[in-house]
Amino acid sequence: MSDLEKFRAETREWLEANCPEEMRQPVREDDDVYWGGRNATFKNDAQKAWFEAARDKGYTVPSWPKEYGGAGLSPAEAKILRQEMAAIGARPPLSSFGIWMLGPALLKFGTEGQKKRFLNEIARGEIRWCQGYSEPGSGSDLVSMQTYGEDKGDHWIVNGQKIWTSYADKADWIFCLVRTNKDDKYKGITFMLFDMAGEGVSTKPILLISGNSPFCETFMDNVKVPKSYGEDCPGYVGEINRGWDVAKYLLGHEREMISGMGGGDRLTAIGTAMTRHAAKNGDEIDPVLRSEMALFDVDALAFTAMAEKFMDEMKAGKGHPAQPNMMKYVGTEINKRRHELMMSAGGSRSLEWESEETRGGKAPRDWLRTKANSIEGGTSEVMLNVISKRILELPGG
Amino acid sequence: MPLYHTEDQAMLADSARGFMAEEGNISKQLRHWRDRNCKDGFGHGLWKQMAEMGFTGMLVSEDDGGLGMGHVEAGIVLEEIGRNLTPSPFLTSSVLAATALGHASSDLKGRYLPGLIEGESVFAVAIDETAKHRPSRIGTRAEKSGNGFKLSGSKSFVIQGASSDMIVVAARTSGSDEDEDGITLFAVPQDADGMSQNPVRLVDSSMASHIKFDGVELDGDAVIGEVDGGREVLNAMLAAGRVGAAAEGVGVAQGAMDMTVDYLKQRKQFGKLIGEFQALQHRAAHLYSEVEVARAATIKAQQLLDEGAPSADLMTSVAKAKVAKAAGLAVKEGVQMHGGIGMTDEYDIGLYMKRDRALAEFLGDAYFHANRVAQLSGY
Ligand SMILES: Cc1cc2nc3c(=O)[nH]c(=O)nc-3n(C[C@H](O)[C@H](O)[C@H](O)COP(=O)(O)OP(=O)(O)OC[C@H]3O[C@@H](n4cnc5c(N)ncnc54)[C@H](O)[C@@H]3O)c2cc1C
Ligand SMILES: Cc1cc2nc3c(=O)[nH]c(=O)nc-3n(C[C@H](O)[C@H](O)[C@H](O)COP(=O)(O)OP(=O)(O)OC[C@H]3O[C@@H](n4cnc5c(N)ncnc54)[C@H](O)[C@@H]3O)c2cc1C
């Protein structure tokens, strides 16, 4: 048996022993997802057991080095773990912006001290992070942001407002873009880290069309951000005034994460699930709807292959650095189409906004939520701009 | 398997790319033969050269004198064929017929494979009997006669039928037209008595034959595989051909897209390069994304087929359908973004549109394969 085959066998065994049956069900409600953090509570014992087992094994962040809380898996091993988890439908043991966004940025730009402290906290689900990028006047044109940090020697005094800060009201810390030099648009932004419990930080939820409000406006009113949190642990990532490089790198990971929603790890056609569901309820699927589903499944299954290829290429350092933009564009557009079809297949049942049977109107809420996929993390139009400029190298602008 | 080419495959891709661009390019092959109204629609000289490059016998096993490579490798050659719109018997002979012959007796192999590997012989496959691909329905009949068979019926749109030394014919030896079982494959030589061909030129200037079998007498040893058990071989042949057509389609799409993106960087209107207009940039970026996704589906299907995975069938249909859609978009946007010049015969972009149309139809169009995705998925 090759080492990888051995690893696969061990992984299978470990998952069998450690991933409870309840954690192999599709996510149905918001609290089925565990986000960690200072004030986190577990929904049930199974969620707790699964998280703790994964954490102790380093499987909340399998490919991070062991000294930072990961399992130090090679790309090939990480792929096997993903495949084996997908094969049993295992939920992620821990979801967090720390894992998807800040972590990769710290791995690339952080100091040893920052990595030791923050990466371990993230891997162990102790601190929940949120992302402070967008401002009311700066969305797509992010570099125009105005939140200002005045240099006070060993700290900054930060004033300004962020918007669309996902889960700001539940987050412990924020990674935040702050202007520290008003003369240079690009080379005047610092990527700061600070505690949301500190004085002067407040949040206000924003209600979305889906009826949920996991998004907030975040206000910074004379917030004191230290330049250092101890030896070799600055309060900012990368260099002062060079936070834009970090921000852009991180956006790549954010786009990768969002694009993942378009496909699935398994070769399953969603038409199957939808028609079965309809049949169970005595509904008939119109032949025209069936053909829409079939054409959708062609696109979705092809995108699943693209997602796998993309991962393989990323891990091997092949592929174009702007490729995440393409993945984000295609993945989010597909996910929106998927939910349009699910609404149609569900018929009037999908219209129930509040009901027991439909689990609190999950279908219409999810459908509405997906509309943000092609906006958050950079809009589809912005993705197309980047593809045409950086990959196709079209002229202008 | 990671979804990118290994080092060996990347080397093969380099040499195939160089070779096709040099020898298989549009002016040397497609236009050359088309403008001479060539009855074959391709050049036998290039076919010999492809043999010297080691392409012709890629899918033939090493035991049978070939290279024993897989669908990923054949796809590499096909992508370059697509990119250059190179007319050649590669898809019909080296992919489809070679796959069928892989299931043949050593006698038949000995008769046909050396000629294929040498680039001396050209083969065709005769499956469809109507204008739309419908391999579930086979009406052509082969009745037992002495120790052989008597073949009657007709086949339509047999690509390169009239130029082939041998045609693999799917016929019915028992049951009714729609039955799954009762199919037998035959190797029918070009000079068989009672076979008549009516060749027609298609939109992409390739040649297709309408063939009639009027009591064609075949020896028992013309059977490929088992009598009545041909469906399995037919399916293997179709899978190879479909995944191959998808690979060629990726090349057509890429070729058309590259031409178009280049044009956007050269053509000036309103005092600007037209590539500066966001309305065109977004469409080009969308096109790029679609082509990349189609390419990923194709390599996934190739790998699954090479592994003999059960999901290969599903992924093959996904790839064939996705490529048809993406390449269709590439040629339509290509002609449109070229403006008036895209409508001229002198300019190559229209040739991509024509080839795409023929390739999209070959072995099942996007709708056929989307329907198959639904059926294989159980809805
Ligand atoms: C659900 C959700 C969660 C989010 N989470 C976070 C978060 O956690 N942290 C955070 O910082 N931000 C977050 N965002 C903000 C998100 O990044 C911005 O909404 C996004 O970048 C778009 O900015 P905007 O809303 O200001 O739209 P605008 O930039 O005003 O865009 C309006 C429209 O104009 C188009 N447009 C703009 N510029 C161009 C151009 N150059 N070419 C063509 N079209 C253009 C856009 O595509 C869009 O269609 C979130 C947003 C949503 C909806
Ligand atoms: C069959 C045929 C018959 C014709 N008959 C006649 C005739 O009888 N008399 C005559 O005078 N002309 C005739 N024309 C010419 C026709 O009017 C031009 O082809 C047409 O105006 C387009 O110009 P172009 O070909 O130079 O393309 P271009 O202007 O070079 O356009 C190339 C591409 O760029 C796009 N593009 C250009 N500018 C912009 C912009 N600002 N924003 C976004 N996209 C842009 C175009 O839409 C096109 O996709 C004919 C053309 C054809 C094909």
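The values are calculated or read from the model by the stated rules, or taken from the named source; none is laboratory data. In this text the structure is predicted, and so the values were computed from the model without any measurement. Neighbour counts run over all protein chains shown; Cβ positions are idealised from the backbone, glycine included. Heavy atoms of the whole protein, side chains included, go into the accessibility calculation; ligands, DNA and RNA do not. Shrake-Rupley method; radii C 1.70, N 1.55, O 1.52, S 1.80 Å.
Things worth noting here:
- Cβ-based net charge around A:Ile163, under 9 Å, with every Lys or Arg adding one and every Asp or Glu removing one: -1
- Charge dipole of the protein assembly as shown about the Cα centre (unit charges at C-beta), most positive-ward option of A:Gly346, A:Pro321, A:Asn39: A:Asn39
- Heavy atoms of A:Arg337 accessible to a 1.4 Å probe, total area in Å² rounded to 10: 90 Å²
- A:Lys185 accessible area, 1.4 Å probe, all protein chains in place, Å² to nearest 10: 100 Å²
- Nonpolar atom fraction for the protein assembly as shown, defined as the carbon and sulfur part of the 1.4 Å probe accessible area, stands at 49 percent.
- Residues whose amide H comes within less than 5 Å of that of A:Ser210, counting only those at least five positions distant or on another chain, are absent (H built at 1.01 Å from N in the peptide plane).
- Listed residue (B:Ile81, A:Ala247, B:Ala131) projecting farthest to the positive dipole end of the protein assembly as shown, Cβ model: A:Ala247
- Unit charges on C-beta of K, R, D, E only; dipole of the protein assembly as shown, Debye: 2040 debye
- Karplus (6.51, -1.76, 1.60) ³J(HN,Hα), θ = phi - 60°, over the stretch B:33-40, in Hz, Gly and Pro reported as x: 6, 4, 5, 8, 6, 4, 6, 8
- Taking amide H atoms as placed 1.01 Å from N in the peptide plane, the amide H of A:Gly132 lies under 5 Å from those of A:Phe175, A:Cys176, A:Leu177, each 5 or more residues away in sequence or on another chain.
- Helices in chain B, meaning DSSP H runs of at least 4 residues, each add -39500 (n - 2.57). Divided by all residues, the mean residue ellipticity at 222 nm is -15500 deg cm²/dmol.
- Taking A:Ala17, A:Ala168, A:Ala345 as the candidate residues, the one with maximal mean-square fluctuation in a Gaussian network model of chain A, Cα springs under 10 Å, is A:Ala17.
- Note that the protein assembly as shown presents 42 Å² accessible area per residue, ligands and nucleic acids not counted, probe 1.4 Å.
- Dipole check for chain A: with +1 at the C-beta of Lys and Arg, -1 at the C-beta of Asp and Glu, and the Cα centre as origin, the magnitude is about 480 Debye.
- Cα centroid separation, the stretch B:305-333 to the stretch B:79-116: 21 Å.
- Helix B:106-118 axis, angle to chain B major axis (alpha carbon atoms, nearest 10°): 30 degrees
- Magnitude of the charge dipole for the stretch B:102-235, about its Cα centre and with charges confined to Cβ atoms of Lys, Arg (+1) and Asp, Glu (-1), is about 380 debye.
- The residues packed around B:Lys109, meaning those with a beta-carbon under 11 Å from its beta-carbon, carry a net charge of -2 if Lys and Arg are +1 and Asp and Glu are -1.
- Contact residues in the stretch B:292-323 by the 30 Å² criterion (accessible area, 1.4 Å probe, full protein complex versus chain alone): B:Glu292, B:Val293, B:Ala296, B:Lys300, B:Leu314, B:Met315, B:Val318, B:Lys322.
- Between the Cα long axis of helix B:230-264 and the first principal axis of chain B there is an angle of about 20°, rounded to the nearest 10.
- Which of A:Met314, A:Met1 is most accessible, then next, and so on - probe 1.4 Å: A:Met1, A:Met314
- Each other residue within a Cβ distance under 12 Å of A:Gly200 adds +1 if Lys or Arg and -1 if Asp or Glu, for a net charge of -2.
- Here B:Ser15 sits with roughly 50 square angstrom of accessible surface, probe radius 1.4 Å.
- Buried accessible surface for the A/B pair, both sides summed and rounded to the nearest 100, is 3400 Å² with a 1.4 Å probe.
- Acute angle (nearest 10 degrees) that the helix B:7-23 long axis makes with the longest principal axis of chain B, alpha-carbon atoms: 80 degrees
- Positive-pole candidate from A:Leu102, B:Ala13, B:Asn371, dipole of the protein assembly as shown, charges at beta carbon: A:Leu102
- What separates the Cα centres of the stretch B:137-190 and the stretch B:50-70 is a distance of 27 Å.
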